[in-house]
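Nothing in this text is a laboratory measurement; each read-out follows from the coordinates by a stated rule. Small disclaimer: the values here were computed from a predicted structure and weren't measured. Virtual Cβ from ideal backbone geometry, glycine too; neighbours counted across all protein chains shown.
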Ligand SMILES: [Zn+2]
């Protein structure tokens, strides 16, 4: 099974004691690509360091809405020029936890979208309880490639995202008992989705609550396969091919 991990935070302190062992074990277990996601200054630098250390690890650069207050455009431009920075993200809006004021979140989201358009880089979007504003701001800039990371909307919202030509990526939350994402998975075209762990968060069932890592992607792949009535191998391959084209132009 060929697996592409599109969203990991392996720089997280929860991996302090065994980070290298986890990453090496991933490559031995069929995970051919990992994108480590930047959320602010430090995590962007740490993601780049991991990408420099491991050939199969790539990185993104960006300011998460929680960290919008510390936004630094010059820093972001400089990091985005690194050859292993293959996306701008995760960026977006979070009206659930409101760790930055709404106006600042929107302003920083717009500035980063502008940069992504200039650099022709894919955008990794974080959206929490900001559906309408998120769509509207994305439509202002029309980046060529957009993925809604950790999609949690309903089927109507998914259709809006898909109609724009954008992508949806699924985490371990699709395996939870209270998940209502089955309908979204059923309708999503085979060429418009990815899988991701968002590790160390969101460990899939039956590991919920534990530290997550990319080796658990198989639970997410199996769930998608079950809902779509295809083999896990095919589900993994579809996501893999989509991610390769989207992030690496291959
Ligand atoms: Zn994340």
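Some values worked out for this structure:
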| read-out | value |
| --- | --- |
| Alpha-carbon centroid distance for the pair the stretch 161-208 / the stretch 216-239, whole angstrom | 11 |
| Computed label-point distance, nm, for sites residue 230 and residue 53 using a 7 Å Cα→Cβ extension | 3.4 |
| Difference of contour (0.36 nm per residue) and Cα-Cα distance, residue 141 to residue 155 | 2.7 nm |
| The chain: relative contact order as a whole-number percent, Cα under 8 Å and 6+ apart | 19 |
| Estimated distance in nm for a label pair at residue 70 and residue 163, the labels positioned 7 Å out from Cα along Cα-to-Cβ | 3.9 |
| Within a Gaussian network of the chain (alpha carbon springs, distance under 10 Å), most fluctuating of 145, 210, 223 | 210 |
| Sorted by Cβ neighbour density within 10 Å, fewest at the top, the residues 194, 170 | 194, 170 |
| Extension reserve of the residue 102-residue 16 stretch, reckoned as 0.36 nm per residue once the Cα distance is removed | 27.6 nm |
| Distance between modelled label sites at residue 180 and residue 241, nm, 7 Å Cα→Cβ extension | 3.3 |
| Residue-averaged 222 nm ellipticity for the chain, from DSSP H runs of 4+ at -39500 (n - 2.57), nearest 500 | -13000 deg cm²/dmol |
| GNM flexibility winner over the chain from 49, 81, 235 (Cα, springs under 10 Å) | 81 |
| Average Cα contact separation per residue, the stretch 8-48, under 8 Å, 6 or more apart, as relative contact order % | 48 |
| FRET efficiency, residue 119 to residue 24 (Cβ-Cβ, R0 41 Å, nearest 0.05) | 0.85 |
